[in-house]
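The structure under discussion appears below in the form of structure tokens.
Values quoted throughout were computed directly from the atomic coordinates according to the rules given, and no laboratory measurement underlies them. What you see is a predicted model, and the numbers here were worked out from it, not measured in a lab. So basically every Cβ, Gly included, is an ideal-geometry build from the backbone, and we count neighbours across all protein chains shown.
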Amino acid sequence: MRCLVAGAVGLVAAFGAQVARAQPQLIDWPIRFDDERIELTRTYIRRHYGLPATSIDIVPRAIVIHWTGTGSLRATWRGFDRVRARSARKHLVRGGALNVSAHFLVARDGTIYRLMPETRMARHCIGMNYDSVGVENVGGGAAGPLSERQLAANIALVRDLARRYPTIRYLLGHMEWRRFEKAPLFRELDPTYRNAKVDPGTRFMAHLRLGLADLGLGSRP
């Protein structure tokens, strides 16, 4: 399996232009979303967004791309399956007991797993949770560059989401979230609750946007 090359040529040569435009196969691998997680999500919405949280349903308006920083698919899934955040992650726990999660998890071989409905809120990006779909990619950082197959899978997945949810207007990498900080799409009542991210990297996002240029998804508000 090859890592992401310096240009989009490698992707096209390896998989063909039609692969990224094909209907992606989504494998359901649900994380635990019991009554406790639903209530913790409601608490998070009330605390951070000041909304009544009569439900945890969202209208997707953006897609946020992440990497896990680890090479294990199963360990990542187990981490998301946990309902409450681990106490060792002090910055995370400071924001609430709700554990992090994502709607989709993309394996190194490009297999796309759906962890939860994309119309339910996941805790994956400060300020953007209530309006966005989170896509995690296994790898990145110390675990090594994301793969070409993951790039192709992300292109296909974003195309599918944009087709099914016409409300989606933006595509951003996790490291780009602060671009939206003063935009109406950004929600966060605590001005001190911020973090710095580097995932999924400028190269991956450049290739991803190249493969999705015809959709016209914004990278800034």
For the range 27-215, the percent of all C-alpha pairs falling in each 5 Å bin, from 0 up to the bin holding the max distance, is 1, 8, 17, 22, 23, 16, 9, 3, 0
Say R0 is 30 Å: what FRET efficiency, to the nearest 0.05, do Thr202 and Glu39 get from their beta-carbon distance?
-> 0.20
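Can you give the calculated 222 nm mean residue ellipticity of the chain, where each DSSP H run of n ≥ 4 adds -39,500 (n - 2.57) and the sum is split over every residue, rounded to the nearest 500 deg cm²/dmol? All intermediate terms of the calculation are to be shown ahead of the outcome.
On the way: 7 runs with 68 residues, N = 221.
When only DSSP H runs of four or more count, the value is -9000 deg cm²/dmol.
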Along principal axes, largest first, the alpha-carbon spread of the range 81-136 in whole Å comes out as 33, 24, 15
Modelled label-to-label distance, Arg220 and Arg78, 7 Å Cα→beta-carbon offset: nm?
-> 4.3
Of all DSSP beta bridges having both residues in the chain, the percent classed as antiparallel (nearest 5) is 25
Where in the chain are the DSSP H helices whose alpha-carbon span along the long axis reaches 20 Å or more and whose Kyte-Doolittle mean is at least -1.0?
-> 148-164
Pick from Pro117, Pro184, Pro60: which residue has the top mean-square fluctuation in a GNM of the chain where Cα pairs under 10 Å get a spring?
-> Pro184
Go ahead and set up a Gaussian network model of the chain, Cα springs under 10 Å, then flag whichever of Ala152, Ala122, Ala142 fluctuates most.
-> Ala142
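State whether the range 119-212 is rounded, prolate or oblate according to the following rule on the C-alpha gyration tensor (a ≥ b ≥ c being the square roots of its eigenvalues): a/c under 1.5 gives rounded; otherwise a/b larger than b/c gives prolate, and the remaining case gives oblate.
Values: a/c = 1.98, a/b = 1.27, b/c = 1.56.
Oblate.
Over the chain, what relative contact order in percent results from Cα pairs under 8 Å that are six or more residues apart? Kindly include the intermediate steps, with their values, before the conclusion.
Numbers: 401 pairs, mean separation 63.4, N = 221.
Reported relative contact order: 29 percent.
What FRET efficiency do you get for Thr54 and Asn195 if R0 is 41 Å and r is their Cβ-Cβ distance, rounded to the nearest 0.05?
On the way: r = 29 Å, r/R0 = 0.70.
For Thr54 and Asn195, the calculated efficiency is 0.90.
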